[in-house]
Amino acid sequence: MNHTMHRPPIVPLSDANLAMATHLLSQGKLVGVPTETVYGLAADATNGSAVAGIFAAKGRPSFNPLICHVADREMAERLVIFSDLAVLLADAFWPGPLTLVLPKRADCPVHELASADLDTLAVRVPTGPMQQLAAMLDKPIAAPSANLSGGISATSAAAVAEDLGDKVSMIIDHGAPSVGIESTIVAVKYGALFLLRPGGLALDKIEKVAGRSVQSVGQDISVKAPGMLSSHYAPDMPVRLNVSNVHADEALLSFGPNKVAGSDRALLTINLSPSGSLAEAAQALFSAMRTLNKSGATTLAVVPIPQTGLGLAINDRLRRAAAPKDMADG
Ligand code: TXA
Ligand code: MG
């Protein structure tokens with residue numbers, strides 16, 4: 001018997017390949033598609049069996065809802081109801097790394113599996129190939145990050161192939177995403193803004209446009225993103241955060257110009273941004289984690305990262321990478 005795994009073509013971005021990907025999506029197939037944040041595992045959001053295929057491919061708990069990607073706000077308005085505040089944010093930041101959680105329209109065509117039967121839907125307009133495909137398909141595209149459930153997000157076509165290679169029909173290669181960390185997710189509710197996930201759009205930018213603060217959801221589980229509580233982005237080895245001292249045989253995730261004590265003992269070190277730029281660090285985070293994960297180290301040691309701007313999103317991902325794995329999710 002031949003046990004050779006099916007390997008999908010990794011193809012460059014071109015009109016012909018976008019047309020082929022559109023065709024595959026319309027046939028209910030899964031396609032690996034880059035966005036400015038991370039690579040997504042894309043399917044036609046209106047096709048229940050295609051959406052079920054996403055959960056199966058990732059091994060993701062089916063109660064965790066998916067983000068629907070659309071070409072523009074007009075297309076989003078076929079799915080959800082926009083308040084004035086939601087329009088303000090969409091027009092300021094789309095296309096870009098902002099996901100809005102809004103009330104679902106009664107006639108929303110998205111399959112209930114994609115929204116986990118909630119009365120809200122997460123929508124965003126991405127840049128690049130994902131936006132082009134949503135326009136060409138003229139349907140919302142459901143796409144979680146293109147990694148195995150609970151694992152490290154993919155920021156290259158090769159990483160998508162590594163995790164999901166035998167489950168996607170095609171992967172569009174468009175290099176490293178410019179933002180590198182998932183979208184910021186904000187719920188707009190009762191004229192207020194609630195942060196469901198820090199991400200690639202810094203909060204101060206949102207607050208400046210909205211003219212009000214983004215509230216943290218705290219213990220209010222009802223508005224929380226289901227993926228908020230659990231282990232996620234996890235490497236195979238334990239993670240130590242905020243280290244001031246490196247042990248022998250550890251892999252080291254470093255940041256900024258300062259050297260941490262014992263760093264010479266590290267098996268492998270990657271500095272996310274020697275100059276201390278949080279944007280550069282966000283962009284480099286997931287590929288660095290994937291590389292360090294393969295180093296053979298006993299533990300991943302991580303230096304403190306400033307909790308400002310994009311540092312909120314970076315620290316969120318690192319905290320979840322360090323969380324106990326029996327809470328694995330998304
Ligand atoms: O940048 C991104 O957002 C990437 C790219 C591919 O667009 N996508 C992404 O998707 O990160 P995913 O599935 O890995 O994370 C989506 C998050 C999950 O934590 C999910 O619980 C939350 O969005 N979510 C989706 N719909 C929601 C809803 N109606 N209410 C609250 N949270 C929701
Ligand atoms: Mg994810």
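The values are calculated or read from the model by the stated rules, or taken from the named source; none is laboratory data. Owing to the predicted nature of the structure, the values given are computational and were not obtained by experimental measurement. Don't worry about glycine lacking a Cβ; one is built from the backbone with ideal geometry, like all the others, and counts go over all protein chains shown. Areas reflect the complete protein model, heavy atoms only, side chains present, ligands, DNA and RNA absent. Shrake-Rupley method; radii C 1.70, N 1.55, O 1.52, S 1.80 Å.
Observations on the structure shown:
- Heavy atoms of the protein chains alone define the surface here; on that basis the chain has 41 Å² accessible area per residue at 1.4 Å probe size.
- Sequence-separation-based contact order of region 84-223, relative, with Cα cut under 8 Å and 6+ spacing, percent: 25
- Per-residue HN-Hα couplings for region 93-102 [Karplus 6.51, -1.76, 1.60; θ = phi - 60°; Hz; x = Gly/Pro]: 10, 9, x, x, x, 10, 10, 9, 9, 10
- Percentage relative contact order, region 165-302, counting C-alpha pairs under 8 Å, at least six apart: 23
- The count of lysine pairs in the chain that are at least 8 places apart or cross chains, and whose C-alpha atoms lie under 15 Å apart, stands at 6.
- Compactness of region 239-330, expressed as Rg and Dmax over alpha-carbon positions, Å: 12.4, 36
- At 1.567 mPa s and 4 °C, Stokes D of region 1-103 from Kirkwood alpha-carbon radius, µm² per second: 82
- In region 58-185, the alpha-carbon atoms span a convex hull of 108 Å³ per residue.
- Here the Kirkwood formula puts the hydrodynamic radius of the chain at 20.1 Å, using every distinct Cα pair.
- The alpha carbon centroids of region 282-305 and region 156-173 are separated by 21 Å.
- Local electrostatic count, Pro129, Cβ distance below 15 Å [Lys/Arg +1, Asp/Glu -1]: -2
- Accessible surface of the chain [probe 1.4 Å, protein heavy atoms]: carbon and sulfur percent: 54
- Mean projected area in nm² (Cα convex hull; one quarter of hull surface) for region 152-310: 11.5
- Residue-normalised convex hull volume from the C-alpha trace of region 132-196: 142 Å³ per residue.
- Beta bridges by DSSP in the chain, antiparallel share as percent, to the nearest 5: 40
- Per principal axis, descending, Cα span of region 49-88 in whole Å: 37, 17, 12
- Here is the tail figure for region 271-314: Cα pairs spaced more than 16 Å apart come to 37 percent of all pairs.
- Loop-located chymotrypsin sites (Phe, Trp or Tyr not before Pro) in region 41-132, at most 14 other Cβ atoms within 10 Å (DSSP): Phe63
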